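Scroll down for the structure; my scribbles are underneath it.
Just so it is clear, none of the values below were taken in a lab; they were calculated from the coordinates. No experiment lies behind these values; they were computed from the predicted model shown. Positions of Cβ are backbone-derived with ideal geometry, glycine not excepted, and every protein chain shown enters the neighbour counts.
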Amino acid sequence: MEHQYTSHIFWTGNQGTGTSGYKAYARTWDIAITGKEVIHCSNDPLLGGDATKMNPEDLLLSSLSACHMLWYLHLASDAGIAVLEYEDSPIATGEVLKGGAGRFTSAVLRPKITVANGTNLDSAMAIHHEIHKVCFIARSVNFPVRYEPEFVTRHQ
C-alpha cells in the first residue's frame with residue numbers, strides 16, 4: 001500500500017534584495033502543513049543559520065528517534081511490556097566534505113525507558129533489534145543506526 005506525504009516549504013529569508021549576494025539573504029524558512037502548527041526553521045549555524053531554529057539535520061535525527069520510539073511502544077504493547085516513560089537523547093555524526101557537501105555517517109539512539117517492575121529486561125531490550133525491520137525512517141536512511149537503551153523499573 002502506497003502512502004503519500006505532503007509539505008509546504010516557504011522561504012522567509014528575503015531581507016529586501018533576495019539572493020542578490022551570498023550574505024544578502026537569511027537561510028530561514030517555514031514548514032507549513034494544513035491543519036498543523038508551523039515550524040520555523042533555519043540552516044545549520046555552521047552554514048550561516050540561526051541556532052535558535054530547527055535545521056534539516058535536527059529534523060532528520062528527531063524523525064529517526066520518534067519513529068523508533070513509536071515502533072518500540074507498539075512492539076512493547078504487543079509483547080505485554082508496560083512502558084511507563086520513554087525519552088531519547090539521540091546523537092548523530094556527520095561529515096562535511098570539501099566543497100561543502102555533507103552527510104550523516106552514523107546515529108546513536110539512547111532511549112531511557114521506564115518499565116513496570118517485573119518486566120523481563122532481556123525481552124524489552126530485544127525489541128530494539130526488531131524495529132529496524134519496520135521503522136519507515138530507519139529503513140530510509142543510508143547510514144548505520146545503533147541503540148544504547150537504558151532501562152529503569154518502577155511500580156505502575
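Values as computed for the structure displayed
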quantity	calculated
Residue list for segment 10-40, filter: surrounded by 13 or more Cβ atoms within 10 Å (Cβ to Cβ) and among the small types (Gly, Ala, Ser)	Gly13, Ala24, Ala26, Ala32
Identity of the residue in segment 42-97, in contact with a Lys or Arg (Cβ under 6 Å, 6 or more places away or on another chain), crowded, with 17+ Cβ neighbours inside 10 Å and among the polar types (S, T, N, Q), that ends up nearest to Gly13 (Cα to Cα)	Ser42
Any helices (runs of 4 or more DSSP H) falling wholly within segment 42-135 and containing at least 1 residues that are touching a residue at least 60 places away in the same chain (Cβ under 8 Å)	56-78, 128-131
